[in-house]
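The values are calculated or read from the model by the stated rules, or taken from the named source; none is laboratory data. Note that this is a predicted model, so its numbers are computed, not measured. Here the Cβ is made from the backbone with ideal geometry for all residues, glycine too, and neighbour counts use every protein chain on show. Only protein heavy atoms, including side chains, enter the accessible area calculation; ligands, DNA and RNA are left aside. Shrake-Rupley method; radii C 1.70, N 1.55, O 1.52, S 1.80 Å.
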Protein chains: 2
Amino acid sequence: MSTRKFCLAVLFCHDATGYEIRRIAGEGRFAFITEAGYGSIYPCLSKLESEGLVTVSEEFAPSKPPKKIYSITNIGKEAFVNELMELPAHDTFRSPFLLVSLFAQYLDADFIARAIDAREAYLRDKLSELRAQATECCNPASQWTMEYGITTLTASLEYLQKHRSRLEEIAREASSQPQAAE
Amino acid sequence: MSTRKFCLAVLFCHDATGYEIRRIAGEGRFAFITEAGYGSIYPCLSKLESEGLVTVSEEFAPSKPPKKIYSITNIGKEAFVNELMELPAHDTFRSPFLLVSLFAQYLDADFIARAIDAREAYLRDKLSELRAQATECCNPASQWTMEYGITTLTASLEYLQKHRSRLEEIAREASSQPQAAE
DNA sequence: TTGACATATATCAAGTCGATACGTATATAC
DNA sequence: GTATATACGTATCGACTTGATATATGTCAA
């Protein structure tokens, strides 16, 4: 039901095509909500239409690919707000990187370094994107939400920068005196 | 493929039943790896067995429910380490709460307060569980990983405590002078 | 003019999620 | 004593998600 709320949330702000909704997922103030793909969004929009929560208008511009522009209805707005008014489920946070760090002693030191580099670069990118969007945004709830994201990403990046050498050390020591598993 | 790596990771450390693997998911040092349920774990174990990466021994103790105890094979250990040696995908972080905060101005101030309370309580619980496990753990890689989790959870909790009043204010102001959507 | 990239809709196989069914054992409450 | 709840344990099901791919058109640069 998360793709559902996400689609309604986007359409609550402005009309959009499925393609646009997809692009908004995981970006800006929606950075920490969902990363739904086409396979979730298109079926979801069809369902919302059949329930009368959104309407669709097809646009056949000459020399352009046809578009389906979705709009939220009043019933849709009401349903969205009602569905938000249930205590939200807790966050899901999954980190393949932390599985790597957990087994650092069995892995190659070079590999660990590369994995940390990639993660640092990713965190920095995400952070600068968020910071840029936060400054040019005037809605206070969006600001609050983005600053939350910035705060946790910053903490994550700082931990990584301060403590990466310790993890690299674990991998280096283990490879110099390899141990039996278990 | 994440349930797969998770199952191998657990079995890399010690033998376990499907039920035990399920309980370990989302707890302790595996807190940020996955939260796989039975519906993922049991099929995954069958598949791993058919690939020869794990073996199973059935235990029919008298007056006890039958158990299937899974063990990782040498091929399994090798496969696990090899599969870890690919650059890990980036984290997925999804927060239904942040969708609520994003639309705070359309929601009830009381509801916002309750949602924040629940989140604070959840973060505090998760943190104290992690801290307890981190102190009684001697593996340096596990320590590093759990401290990473503690750091980000702490940042999250602190932001919430410091800035919750601002979000509550947004909801309160909006309900006193309700505005049209859009 | 070929190739890369952006726009746009849509589907598919494989896997995941959350609930539920089924069954035994043990402890707690009435 | 006998319900009632909780823990252990295996397993499946429908609905949904994931990630890749198919299909088209348009644009821009080498």
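Between the Cα long axis of helix B:38-50 and the first principal axis of chain B there is an angle of about 30°, rounded to the nearest 10. Counting Cβ atoms of other protein chains within 10 Å of each residue's Cβ and taking the mean over peptide A:2-14 gives 2. Rounded to the nearest 20, the size of the Cβ-charge dipole of the range B:23-174 about its Cα centre is 220 debye, with Lys and Arg at +1 and Asp and Glu at -1. Accessible area ranking (1.4 Å probe, heavy atoms, ligands and nucleic acids excluded), largest first, for B:V54, A:V81: A:V81, B:V54.
The residues A:R22, A:R4, sorted by heavy-atom accessible surface at 1.4 Å with ligands and nucleic acids left out, run A:R22, A:R4 from largest to smallest.
Taking max minus min of the alpha-carbon positions on each principal axis, the range B:2-84 gives extents of 40, 27, 21 Å, largest first. Annotation for the B:A interface, with buried accessible surface near 6700 Å², both sides summed [1.4 Å probe; non-protein components not counted].
List the lysines whose Cα lies under 19 Å from the Cα of A:K5, skipping any in the same chain that are fewer than 8 positions away. Excluding near neighbours in sequence, the set is A:K47, A:K77. Each of B:C13, B:S57, B:G37 was placed along the dipole of chain B (beta-carbon charges, centred on the mean Cα), and the one lying farthest toward the positive end is B:S57. On a per residue basis, chain A carries 50 Å² of accessible surface, using protein heavy atoms and a 1.4 Å probe. Dividing the mean sequence gap of close Cα pairs (under 8 Å, 6+ apart) by how many residues chain A holds gives a relative contact order of 21 percent.
A quarter of the convex hull surface defined by the alpha-carbon atoms of the range B:1-156 gives 12.4 nm² as the mean projection. Of the solvent-accessible surface of chain B, computed with a 1.4 Å probe and all protein chains present, 52% belongs to carbon and sulfur.
Look at the stretch B:75-88: the mean tally of other chain Cβ atoms within 10 Å of its residues' Cβ atoms is 4. For chain A, the 222 nm mean residue ellipticity estimated from helices alone, with every DSSP H stretch of n ≥ 4 adding -39500 (n - 2.57) and the total spread over all residues, rounds to -21000 deg cm²/dmol.
Here the scattering of the range B:76-159 is modelled by Debye summation over its C-alpha atoms, one equal scatterer each and no solvent; at q = 0.11 Å⁻¹ the log10 of I(q)/I(0) is -0.49. For chain B, the longest principal axis of the Cα atoms and the long axis of helix B:2-13 meet at an angle of about 60 degrees. An ellipsoid equivalent to the protein assembly as shown, defined through the eigenvalues of its Cα gyration tensor, has semi-axes of 40, 25, 21 Å when rounded to whole angstrom and sorted largest first. For B:K126, the lysines whose Cα comes closer than 23 Å to its Cα, not counting residues fewer than 8 places off in the same chain, are B:K162. Between A:S2, A:A132, A:M146, the Cα set farthest toward the positive side of the dipole of chain A (charges on each charged residue's Cβ, about the Cα centre) is that of A:A132. The mean number of Cβ atoms from other chains found within 10 Å of a Cβ in peptide A:153-160 is 4, as a whole number.
Each peptide in B:127-139, A:25-37 gets a packing score, the mean of other Cβ atoms within 10 Å over its residues, and the list from highest to lowest is A:25-37, B:127-139.
On a 0 to 90 degree scale, rounded to 10, what angle separates helix A:109-135 from the longest Cα axis of chain A? Orientation of helix A:109-135: about 40 degrees from the principal axis. Of the whole protein surface, B:S95 contributes about 0 Å² of accessible area at a 1.4 Å probe radius.
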